[in-house]
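Attaching a single structure in structure tokens format; questions to follow.
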Amino acid sequence: MDIKTSSPRPSKRRDESPSKQEGQSIVLIALALIGLIAFMGIALDVGFIYARTSQLQAAIDSAALAGVTELGDWQTDPTGAENRARIKSAQFMNANGMPVTVTQSLELPDNLDVLIDEIGATQYGITATWPVETYFLQIIGFTEPINLTRSATAAVFSLADVYASRRIEDG
């Protein structure tokens, strides 16, 4: 009698054929990385726009304050006073690092407003627009620059009556 003894061979099925699940994590990590980079880019662009908005508001505020000082003779010479105020405002905008396109937006007639209010104060309002380019938002379709528009109004009341009693004059 011939007895064949067969020793159980360890199954090498796992080693012989690669699993269909191998490498799947690399694809998932790559997709997650693309999404992470996209959201990071959007956050950078939105942060950049927010920083430019703050910079524009500070510049327009200082420009309005500087321009209103040139309107002392606005009632007698409105055109000359407005031109001097516009020039002074543009100088302050440039001093605050605004590009030429922003200072040129002051030349538009709708971007300058001068009036005398009910108490006699001269109000000077200006509006400036800054076209800001985006970088990462262009990927998702924002190809045009985003126009940031900010306004500021300043007033001057140079002929204020100040009450002083005679006691102050007498010492």
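The values are calculated or read from the model by the stated rules, or taken from the named source; none is laboratory data. Since this is a predicted model, take the numbers as computed values, not measurements. For neighbour counting, all protein chains shown are included, and Cβ atoms are generated from backbone atoms with ideal geometry for every residue, glycine included. Side chains are part of the model used for accessible areas, which takes the heavy atoms of the whole protein and leaves out ligands, DNA and RNA. Shrake-Rupley method; radii C 1.70, N 1.55, O 1.52, S 1.80 Å.
Any residue at all in segment 87-106 that is farther than 30 Å from ALA38 by Cβ, in contact with a Lys or Arg (Cβ under 8 Å, 6 or more places away or on another chain) and modelled with pLDDT of 85 or more?
Yes.
A further question on this structure: Mind checking whether some residue in segment 154-166 is under 30 Å from ASP45 (Cα atoms), open to solvent by 50 Å² or more (accessible area, probe 1.4 Å) and modelled with pLDDT of 85 or more?
Within segment 154-166, none of the residues are under 30 Å from ASP45 (Cα atoms), open to solvent by 50 Å² or more (accessible area, probe 1.4 Å) and modelled with pLDDT of 85 or more.
Of the numbered conditions (1) over 22 Å from ARG150 (Cα atoms); (2) open to solvent by less than 90 Å² (accessible area, probe 1.4 Å), GLY67 fails exactly one; give the number of that condition.
Exception for GLY67: condition (1).
For segment 94-140, which positions are hydrophobic (A, V, I, L, M, F, W, C), in a loop (DSSP other than H, G, I, E, B) and closer than 15 Å to ALA152 by Cβ? Lay out the reasoning, then the answer.
As a first pass, look at segment 94-140 and keep what is hydrophobic (A, V, I, L, M, F, W, C): 95, 98, 100, 102, 106, 108, 112, 114-116, 119, 121, 126, 128, 130, 132, 136-137, 139-140.
So of that shortlist, the ones also in a loop (DSSP other than H, G, I, E, B) come out as 98, 108, 119, 121, 136-137, 139-140.
MET98, the sole residue that qualifies.
If you don't mind, another one. If you take the residues in segment 117-138 that are at pLDDT below 85 and open to solvent by less than 60 Å² (accessible area, probe 1.4 Å), which one is nearest to ALA66 (Cα to Cα)?
ALA121
So which pairs qualify, if the first residue must be in segment 55-83 and over 15 Å from ALA121 (Cα atoms) and among the hydroxyl-bearing types (Ser, Thr, Tyr), the second must be assigned to a helix (DSSP H, G or I) and open to solvent by less than 10 Å² (accessible area, probe 1.4 Å), the Cβ gap must be under 9 Å, and the two must be at least 6 apart or on different chains?
Once the first residue is over 15 Å from ALA121 (Cα atoms) and among the hydroxyl-bearing types (Ser, Thr, Tyr) and sits in segment 55-83, its partners that are assigned to a helix (DSSP H, G or I) and open to solvent by less than 10 Å² (accessible area, probe 1.4 Å) give SER62/SER89; SER62/MET93.
Separate question: Specify which of the listed residues (ALA81, ALA51) is open to solvent by less than 20 Å² (accessible area, probe 1.4 Å) and either under 19 Å from THR129 (Cβ atoms) or assigned to a helix (DSSP H, G or I) (or both). Quick ask: steps written out before the conclusion?
Values: ALA51 fails: open to solvent by less than 20 Å² (accessible area, probe 1.4 Å).
Selected residue: ALA81, the only one of ALA81, ALA51 that is open to solvent by less than 20 Å² (accessible area, probe 1.4 Å) and either under 19 Å from THR129 (Cβ atoms) or assigned to a helix (DSSP H, G or I) (or both).
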